1. Take the conditions more than 17 Å from Thr356 (Cβ to Cβ) and under 14 Å from the mean Cα position of the chain (by Cα) and apply them to Ala395. Does it pass?
2. When the residues of region 465-478 are narrowed to those that are under 24 Å from Gln511 (Cβ atoms) and without any contact (Cβ under 8 Å) to a residue 24 or more places away in the chain, which ends up farthest from ligand 1 (Cβ to nearest atom)?
3. What's the number of the condition Leu412 fails, among (1) touching an Asp or Glu at 6+ places or on another chain (Cβ under 8 Å); (2) in a helix (DSSP H, G or I); (3) away from ligand 2 (no atom under 16 Å from the Cβ); (4) within 24 Å of Val263 (Cβ to Cβ)?
4. So Cys152 ticks every box in (1) assigned to a helix (DSSP H, G or I); (2) free of Cβ contacts under 8 Å to residues at least 12 places away in the same chain but one. Which box is left unticked?
5. Can you find even one residue in region 393-408 that is open to solvent by 10 Å² or more (accessible area, probe 1.4 Å), within 16 Å of ligand 2 (Cβ to nearest atom), modelled with pLDDT of 95 or more and of a type in the set (Ser, Thr, Tyr)?
6. Can you pull out every residue in region 284-305 that is of a type outside the set (Phe, Trp, Tyr) and open to solvent by less than 40 Å² (accessible area, probe 1.4 Å)?
Amino acid sequence: MNLTEQLLTALKKHGARQIFGIPGDFALPYFRIIEESQILPLYTMSHEPGVGFAADASARINGSLGVAAVTYGAGALNMINSVAAAFAEKSPLVVLSGGPGKNESRSGLLLHHQAKTLDSQFQIFKEITCDQVRLDDAERAPADIARVLASCLRHSEPVYIEIPRDMVAVPCADVVPEAAFKVDPDALGACVDEILERLQQAKSPVLMAGVEVRRYGLEDKVATLSRRLGLPVVTSFMGRGLLADQDAPLVGTYMGVAGFPEVTQLVESSDGLFLLGEIICDTNFAVSETKIDMRKTIQALNGQVNIGYHTYANLPLAAVVNHMLARVPGPDKTFSVTPQNFPTGLAEDDQSITPTDIATAVNDLMARHGKMPMASDMGDCLFTAMEISHTALVAPGYYATMGFGVPAGLGLQAATGERPLILVGDGAFQMTGWELGNCKRYGWDPIVLLFNNASWEMLRTFQPESHFNDLGHWGFAEMAAGLGGDGVRVGTRGELKRALDKAVATRGKFQLIEVTIPSGVLSTTLARFVAGVKRLNAVK
Ligand code: S1T
Ligand code: MG
């Protein structure tokens, strides 16, 4: 096999299921091999930010590698923000970029798509990936590919692979996957002893499941562990959607002053908070009513476990969870939790629509037709997602970039075959909503709920005096047909319910429901978040 075929075979062996991409002249040679070899299906998108978000979402929902294939310079550098989002949120994304060959690199000419030096792109990607390689040596290539893909899975962070265009078809040996990382059994045993002891001594222990629990495919094991230890489970804002399909004592999502008071109370009064794979960031913890004393918590993240003031290094999350399960064989403890409740029973009347009405309508829809996986963009749509009953969710809950929602929803459907629900604001839709034009080619048919408040409402909420947040009305519903889907604008709660029922009944085309939301109307969750942040800032 040639170098590209070996790379594709290795990607598949390491869990990749599809490739999203946009070619260019530096990438045409390897794209041709992708298409002709059919080792992995290729989905082309319309703009590289969408390529990155779709590939990232496919990684998140499958708990395995996502692959974004681009050309050198204008392509790869156009995708920096999506890769940064994947890095920040620990998503195992593999970036493949075409690159200049040896002779043209030595021509003495500046090459098109070159920024500063020919190596600039490689250096830029070093900042947002955990490992990188340029495949310019066929002898070294198998070991380099094995190392980089192992890094991607082990750290659950993006990696960068540059393929010079004069190397794509050179003969190459098989890629032998690297041996699994060896855990020190004594360190693991000591660590798990201490975790179990702390949890047993605590009067009100709580387990918070973070994104690493999904990234390492541990949701079912964590659900079992929580039942056996009798631990109520919460997720953070970023971890919303985790354990949705598991038999776990899931109470709800912790959002401090912005969340459900019962969940806030449970977490902030706990004397044994067990943060499992949770990123300690501002969107997860800055809105804490009472500052959580991290010294009293047990934090397992990034391959280490911090307890109080000491750290157990080189203990992958899976090793810790597996060893805890072995130490706590069961049976399940008998205990009950009061899960947070979600709004249902939307009145089908002529009232204007609030974001919380949208959540209510979706909860009613899922109760009637079954759960749908969701992709959400940044904006009030993501805060509204916290009011939707637990279902699989991919969203930029920490890095908080706009533009994620629509391409991520397409990545969900490509990766799972399931019809997704996409939540997106008007501002974010203006960025990457046009990727819906690719649905027809691939038979994707998401239902898109477009929150149209004609503004960058999250920004206006914090700075109402600024008029630059007013976006005016775009006719999104009318644009849907031109993109190959159906579009409708709704302004009352009755219209919303009827539009959702019609959308669910219509398959084979995307269904865009443009929801007109009166200016200044926020979801209950965002209103609480804003009030809480203002209150916390006032006391600082
Ligand atoms: N650009 C990108 C790519 N991501 C961002 N998060 C921002 C800018 C800043 C930003 C927000 S929230 C927001 C912006 C511009 C407005 C979002 O508008 P829309 O999608 O219409 O949603 P809504 O009206 O519900 O706010 C965050 C705070 O940084
Ligand atoms: Mg808006």
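1. Considered against the rule, which asks whether it is more than 17 Å from Thr356 (Cβ to Cβ) and under 14 Å from the mean Cα position of the chain (by Cα), Ala395 comes out as yes.
2. Out of the qualifying residues, it is Glu478.
3. The single condition Leu412 does not satisfy is (4).
4. (2)
5. For region 393-408, residues open to solvent by 10 Å² or more (accessible area, probe 1.4 Å), within 16 Å of ligand 2 (Cβ to nearest atom), modelled with pLDDT of 95 or more and of a type in the set (Ser, Thr, Tyr): present.
6. Asn284, Val287, Ser288, Ile292, Thr297, Ile298, Gln299, Ala300, Leu301, Gly303, Val305
Residues checked against (1) more than 30 Å from Met402 (Cβ to Cβ); (2) assigned to a loop (DSSP other than H, G, I, E, B):
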| residue | (1), (2) |
| --- | --- |
| Ser64 | no, yes |
| Ala74 | no, yes |
| Ala85 | no, no |
| Leu96 | no, no |
| His113 | no, yes |
| Gln121 | no, no |
| Val133 | yes, no |
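Results for (1) farther than 23 Å from Ser151 by Cα; (2) in contact with a helix residue (DSSP H, G or I) (Cβ under 9 Å, 6 or more places away or on another chain), shown as yes or no for each residue.
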| position | (1), (2) |
| --- | --- |
| Phe20 | no, yes |
| Glu36 | yes, no |
| Tyr43 | yes, yes |
| Gly50 | yes, yes |
| Ser64 | no, yes |
| Ala68 | no, yes |
| Glu89 | no, yes |
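The values are calculated or read from the model by the stated rules, or taken from the named source; none is laboratory data. As the structure is a computational prediction, the values presented were derived from the model and not from experiment. Glycine also receives a Cβ, built like all others from the backbone with ideal geometry; neighbour counts cover every protein chain displayed. Accessible surface areas use protein heavy atoms only, side chains included; no ligands, DNA or RNA. Shrake-Rupley method; radii C 1.70, N 1.55, O 1.52, S 1.80 Å.
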